[in-house]
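Just below is one structure, and these are the notes that go with it.
The values are calculated or read from the model by the stated rules, or taken from the named source; none is laboratory data. Just so it is clear, the structure is predicted and the values come from calculations on it, not from any experiment. No Cβ is skipped: glycine too gets one built from the backbone with ideal geometry, and neighbour counts run over all protein chains shown. For accessibility, only protein heavy atoms count, side chains too; no ligands or nucleic acids. Shrake-Rupley method; radii C 1.70, N 1.55, O 1.52, S 1.80 Å.
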There are 2 protein chains.
Amino acid sequence: MTETDLRPARNGVDVPTLFATRDAVAATPELAQFQFRARNTWLGGTHSRSTIQGFSGAGQEDTSRTGPFVFDADHPAVLVGEGNGATPVEFLLHAIAACLTTGVATIAAARGITLTRVESTVEGDIDLLGVLGLADRVRNGYRQIRVGFVVEGDASPDELAAVVEQSRRRSAVYDVLTNGTDVVVDVATP
Amino acid sequence: MTETDLRPARNGVDVPTLFATRDAVAATPELAQFQFRARNTWLGGTHSRSTIQGFSGAGQEDTSRTGPFVFDADHPAVLVGEGNGATPVEFLLHAIAACLTTGVATIAAARGITLTRVESTVEGDIDLLGVLGLADRVRNGYRQIRVGFVVEGDASPDELAAVVEQSRRRSAVYDVLTNGTDVVVDVATP
């Protein structure tokens, strides 16, 4: 009996299931098609609320979520809001940190590395002259986002750094934030 | 006395403050430099938690937030997680909907349009062959994101559609998601 048989869930990641999922998708690539969704409702001022529940993937509509995840967004007072939630741009920082962290835990597990700590801080610099329409040369979005990880586990510093690097290479959020994607905006005005 | 004097807060947006803020930034462009931040801690498996509180902008460190906003992220079971939160990529959908909605409410207020409804649905298509490392030709992130707005208010359909279009043109999140930005990832391995 190998260590994997005894402890399949390294870092809380079920490694045998991870590899079984990968094998199943390799055999039936259509299973890899996912669609995620959100609904957002304006609540007044700069305040809105999203509900996130349904998604499709692995050939079917998900039924595992029994209720929605609910997130408010708002501007702080200095940006003419009431601070009822984090700002939309701050959710991008959460998304990149969470995506990279998930990759770190999963890749480490696949490589037989047991982690004891994964923490990160994210900073995003933005010049609001762009959004305010005061300088055409200034972009609307972040000029730069920096993610700083602290990772500890039973591997060498080089091995741990390599796990972070592989997570970056395979991160869905990193890809979108660095390379951009097609965003279509439609409006119905009854 | 004008209508603006009587009802400065159209759509819940304090329009005089909005324009005063814009004028102040135009006079002192350094006020437009903002830095947003997040801290993320891995909780095991694909589950992590971000706290978002401090930011700097308008020449100082914010003190308006008396506590953090806290968001969990996780994968669903079909993606080897436990469903303790929305997935990282779903937070991108919330971010784009919330950013565009904030812009719609603000721009409508500035244009003297009173809104009665702003709702949106967002869909993002992703082929996980990329993230799983099963097809080099497939990107890791979303192939496309679609945002569908329903907007109602005291303006013509064309005027309401123009508000959404202007919001898209000035959206920080739309800019990052479509054009990408510089993302630096560092790691410390004590």
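For the segment B:108-116, counting C-beta atoms of other chains within 10 Å of every residue's C-beta and taking the mean gives 1.
Sorted from nearest, the other copies put their B:ALA24 label points 5.5 nm away, the label point being 7 Å from Cα in the direction of Cβ.
Using every Cα-Cα pair within region A:137-181, state what percent have a distance larger than 14 Å. Could you put the intermediate results ahead of the total?
Details: 608 of 990 pairs.
Here the tail beyond 14 Å accounts for 61 percent of pairs.
What sits nearest the axis between copies B and A, counting only chain B Cβ atoms, is the residue and whole-Å distance B:GLY180, 2. Distant-in-sequence amide contacts of A:THR46, defined by a placed amide H-H separation under 5 Å and a gap of 5 or more residues or a different chain, comprise A:HIS75, A:GLU82.
If you build the Cα gyration tensor of region B:115-154 and take the root of 5 times each eigenvalue, what three semi-axes come out, in whole angstrom, biggest first?
Values for region B:115-154, descending: 35, 6, 5 Å.
The share of accessible area on chain A that comes from carbon and sulfur is 50 percent, using a 1.4 angstrom probe. Could you tell me which of rounded, prolate or oblate describes region A:31-129, using a ≥ b ≥ c as the square roots of the eigenvalues of the alpha-carbon gyration tensor, with rounded for a/c under 1.5 and, failing that, prolate when a/b is larger than b/c and oblate otherwise? It is oblate, given that a/c is not under 1.5 and a/b is not larger than b/c. Taking only the alpha-carbon positions of region B:86-160 and ignoring solvent, what does the Debye formula give for the base-10 log of I(q)/I(0) at q = 0.16, 0.17, 0.24 Å⁻¹? For the requested q values the scattering log ratios are -0.66, -0.71, -1.05. Surface exposure of region A:27-85, expressed per residue as accessible area with a 1.4 Å probe, stands at 46 Å².
With only the Cα atoms considered, chain A has a convex hull volume of 187 Å³ per residue. Per residue, the solvent-accessible area of region B:113-184 (1.4 Å probe, heavy atoms of protein chains only, all protein chains present) comes to 39 Å².
Tell me the total accessible area that B and A bury against each other, 1.4 angstrom probe, in square angstrom rounded to 100. Write down the numbers at each step before the final one.
Working: alone 13330 and 13320 Å², together 15850 Å².
Roughly 10800 Å².
Peptides A:27-40, A:69-82, B:19-32 ranked from most to least packed give A:69-82, A:27-40, B:19-32, packing being the mean of other C-beta atoms within 10 angstrom over each peptide's residues.
For A:ASP186, the point set 7 Å out from Cα toward Cβ sits 4.5 nm from its twins in the other copies, listed from shortest up.
Here the convex hull built on the C-alpha positions of the protein assembly as shown has a volume of 142 cubic angstrom per residue.
Using θ = phi - 60° in the Karplus curve 6.51 cos²θ - 1.76 cosθ + 1.60, the 3J(HN,Hα) couplings for region B:23-36 round to 5, 5, 5, 4, 6, 9, x, 4, 4, 7, 7, 10, 10, 9 Hz; x is entered for Gly and Pro.
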